[in-house]
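What follows draws every value from the coordinates through simple rules; no lab data is involved. Since the structure is predicted, the reported quantities are computational estimates derived from the model, not experimental observations. Every residue, glycine as well, gets a Cβ built from its backbone with ideal geometry; the counts of neighbours run over all protein chains shown.
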Amino acid sequence: MDSRQQCVVAGGGPAGLVLGYLLARSGVRVAVLEKHDDFLRDFRGDTIHPSTLTVLQDVGLLERFLELPHDEVAELSGDVFGEIVTIADFRRLPAPRPFLVLVPQWDFLDFIAGEARRFPNFTLHMGAKAESVLEEGGRVVGVRGKGHDGAFEIRADLVVAADGRHTTIRDSAGLNAIDVGAPIDVLWFHLPRDPQRHPSRTGGIIRAGAILVMLNRQSYWQCAYVIPKGGFETLQAEGLQRFRERLATVAPFFAPDVATLETWDAIKLLTVQITDLEQWHRDGLLVIGDAAHAMSPVGGVGINLAIQDAVAAANLLAEPLRGGRLEANHLAAVEKRRHWPARVTQRAQVAIQDTVLSPVLARTDAPAGVPLPLKLLQRFPRLRSLPARLVGIGVRPERVRVAPHPAA
Ligand SMILES: Cc1cc2nc3c(=O)[nH]c(=O)nc-3n(C[C@H](O)[C@H](O)[C@H](O)COP(=O)(O)OP(=O)(O)OC[C@H]3O[C@@H](n4cnc5c(N)ncnc54)[C@H](O)[C@@H]3O)c2cc1C
């Protein structure tokens, strides 16, 4: 392990790997540390939005990325109290590919890691856990961690904490986030997919007291079942059979499949968190992605927001890093650019949680019809571009402005 880098990134998720790729492409010597040995964890979310497809096009990777097995979703629809409604239509978005790509996140991360490894100045250390920042004279000068070969220290001009919502690096540097609060949690499980009996596409089902989202992973459905925060214990107390019956009531086509959930081990509780970090940087340290702003799964925008942070950071930091003249104001500029989009998106998620999700989960009977905003979206299809824009592109989208380094 090279003990001196220009940048060391803790966390090989979407934020960390995309930042590592972009910095390496621009000629910065960068190492990414990922605590796991592979990317094969299924609780990461699978959506790559038009904003990220634009980023991939900017760096010439779009066509290769689209060769991965994936599903393209041009519109988002759902079954709301028995009525099929279309909520977002991505077809008119100003993007090179106006659709959502559903791809297992480990495939996306493997792809970015593979592309980054082409640069000799990029290193990815798998199974390397960053444990704390190294400090000298009040400045962060590197990270300390543990890998397969024991303890290590890497010194760098910049440490980036991209280690997700349970960040240790941010905490070790004394930066604490505010818990904005989320009234929901998510149960995450697989059900077998039978194209003869099941709906053809990714979508959602809303019933009184139940919200089920189904992501098409070809041979199976990745299901997200939304529950009130802390409600998992109540469900467990009612028993697994009762939970299977609930699922079969919400989605009767799953009735023959729910028995595949043999034990509670097949059902993972994902705790939803929304956090906001007051200050994203210290001398020598920058925090991005979920470590700076843990996102709710609402809208499925967290991965893309994390990637947008990475793009902004690369745009603003590559040159000073390469030239060895990184200063605090460069890091402040990244926060200035990205804090506002993260906050606005989180506020929108909170509003949807409070005005849509929680009331639906509290209902015991179906309303007379679908809510007015959904009715308007059915009546005036052009309105569907608005939610599509918020989900697919978001606020203040980033483009890759940093040029590839001739030697990279
Ligand atoms: C239930 C649920 C469903 C979601 N679904 C979606 C979705 O469909 N679409 C979407 O866009 N977003 C979704 N999100 C949000 C999304 O998962 C996150 O916003 C996004 O993954 C953040 O990316 P990140 O790179 O900042 O962090 P992460 O994806 O959390 O990546 C952090 C990485 O750092 C590694 N790591 C952690 N600590 C260390 C350490 N100390 N040293 C080294 N490595 C470390 C981790 O192993 C991980 O690989 C969902 C969230 C939840 C809770």
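So for segment 39-50 (the condition being more than 11 Å from the ligand (Cβ to nearest atom) and either in contact with a strand residue (DSSP E or B) (Cβ under 6 Å, 6 or more places away or on another chain) or free of Cβ contacts under 8 Å to residues at least 40 places away in the same chain (or both)), does at least one residue qualify?
No, segment 39-50 has no match at all.
Of all residues in segment 161-175, which are part of a loop (DSSP other than H, G, I, E, B) and either polar (S, T, N, Q) or more than 11 Å from residue 292 (Cα to Cα) (or both)?
Those that are part of a loop (DSSP other than H, G, I, E, B) and either polar (S, T, N, Q) or more than 11 Å from residue 292 (Cα to Cα) (or both): 167, 168, 173, 174.
Does residue 179 satisfy the condition of being under 30 Å from residue 282 (Cα atoms) and of a type in the set (Asp, Glu)?
yes
Name the residue that is surrounded by the fewest Cβ atoms within 10 Å (Cβ to Cβ), counting only residues in segment 273-295 that are within 20 Å of residue 330 (Cα to Cα) and in contact with a Ser or Thr (Cβ under 7 Å, 6 or more places away or on another chain).
This residue is 293.
Could you look through segment 176-194, keep only residues that are assigned to a loop (DSSP other than H, G, I, E, B) and among the aliphatic types (A, V, I, L, M), and pick out the one that is farthest from residue 216 (Cα to Cα)?
Per the criteria, the residue is 180.
If I filter segment 266-275 for residues that are among the aliphatic types (A, V, I, L, M), without any contact (Cβ under 8 Å) to a residue 60 or more places away in the chain and over 23 Å from residue 393 (Cα atoms), do I get at least one hit?
no
Pick out, from segment 10-106, the strands (runs of 3 or more DSSP E) lying fully within it that include 2 or more residues that are among the β-branched types (Val, Ile, Thr).
Correct list: 30-34, 83-89.
Just checking, which of 252, 256 is surrounded by fewer than 16 Cβ atoms within 10 Å (Cβ to Cβ) and free of Cβ contacts under 8 Å to residues at least 24 places away in the same chain?
252
Please tell me if residue 210 is at negative phi and away from the ligand (no atom under 14 Å from the Cβ).
Criteria met by residue 210.
For segment 321-365, name all the residues that are without any contact (Cβ under 8 Å) to a residue 40 or more places away in the chain and of a type outside the set (A, V, I, L, M, F, W, C).
323, 325, 327, 329, 330, 336, 347, 355, 359
Just name the residue that is farthest from residue 12 (Cα to Cα) out of those in segment 51-75 that are buried (at least 16 other Cβ atoms within 10 Å of the Cβ) and away from the ligand (no atom under 16 Å from the Cβ).
75
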